[in-house]
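Taking it in order: structure first as structure tokens, then the write-up.
The values are calculated or read from the model by the stated rules, or taken from the named source; none is laboratory data. Computed from a prediction, not measured in an experiment: that's the story for all the values here. Neighbour counts are summed over all protein chains in view; Cβ atoms, including those assigned to glycine, are modelled from backbone coordinates with ideal geometry.
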Amino acid sequence: YTDFRLHPILFEQVLTAATQAGVERCVLVGTVYPFGFARTPLVREDDCVDRIVLNAFFRMGHGPGGFRVLWRALSGSEETLAHTHLMRMAGRFSRRIHGYAKANGIPVVHCPAGERKHELAEEYLAKTNNTQGLFLILVGRAQAPVWDMSANHHFEPKKPMPYVNHYSFHLLDPEWGHITIKISGHPPFPAQVILNGHEYVACQARKAGISFTKEGNCFTQISDAAGLAKIADTLSGP
């Protein structure tokens, strides 16, 4: 494709690298962040949606009145709605995740601050024998809303927002490929569902019988470029 609207120096670098690698046809999808330049979007006629992040939450659990109703349904009364019991709920959640992972041979990796989790997930993906379902759980700390009970029995969000464990469940899906479900380990358990448009295009291309070579978010060899472009358009069309 030659309709890149890209910084000319970077475009020349892309062409040089492709030629040296013996690539006859290269389709770059997404946004390029070149060293030394500002964010430079790579705009093409068949541009593909990169990342889709869906914020998920239990509406009742994110309001003080709703959470009290939920707690009464779980425990029968509000007498145990206290900081200690909220921490115990978080602890049970963590133990059950680790227990399930151990029983099913799913690796659980606790990541230090600064760990490039997406790269770590790709390493595990490359060597997993799973073709569908959960293959990895990553644990890292990040800020999240957490309920707390004050001394005068007021139920309110803890301030400042604390850092707590988040559990990222990495799964293989037949429609979307590699997806991530990230959930906070403390009540009210907010979550995110993270999808990758390039993974979706790759899955649909395989179903359509289009052969390709993919490196990260770059399709470097394609048997039917026009067919791949039509699949990519389904994510951004009306």
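Odds and ends about this structure:
- Residues of region 138-153 satisfying the condition of being touching a His at 6+ places or on another chain (Cβ under 9 Å) and assigned to a strand (DSSP E or B): 138, 139, 140, 141, 142, 147, 148, 149
- Flag if residue 62 is touching a residue at least 40 places away in the same chain (Cβ under 8 Å), surrounded by 15 or more Cβ atoms within 10 Å (Cβ to Cβ) and either more than 19 Å from residue 192 (Cα to Cα) or assigned by TED's automatic domain parsing to the domain that holds residue 165 (or both): yes
- Within the option set 175, 156, being acidic (Asp, Glu), touching a residue at least 40 places away in the same chain (Cβ under 8 Å) and either outside any strand (DSSP E or B) or closer than 21 Å to residue 83 by Cα (or both) holds for one residue only, 156.
- Being touching a strand residue (DSSP E or B) at 6+ places or on another chain (Cβ under 7 Å) and touching a residue at least 24 places away in the same chain (Cβ under 8 Å) is not true of residue 213.
- Within this structure, residue 140 fails the test of being surrounded by fewer than 11 Cβ atoms within 10 Å (Cβ to Cβ) and modelled with pLDDT of 90 or more.
- Test set (1) over 23 Å from residue 182 (Cβ atoms); (2) out of contact with any helix residue (DSSP H, G or I) (no Cβ under 6 Å at 6 or more places or on another chain); (3) modelled with pLDDT under 85 - residue 34 fails condition number: (2)
- Being under 27 Å from residue 63 (Cβ atoms), surrounded by fewer than 14 Cβ atoms within 10 Å (Cβ to Cβ) and among the polar types (S, T, N, Q) holds for only one residue in 211, 223, 168, 150, and it is 150.
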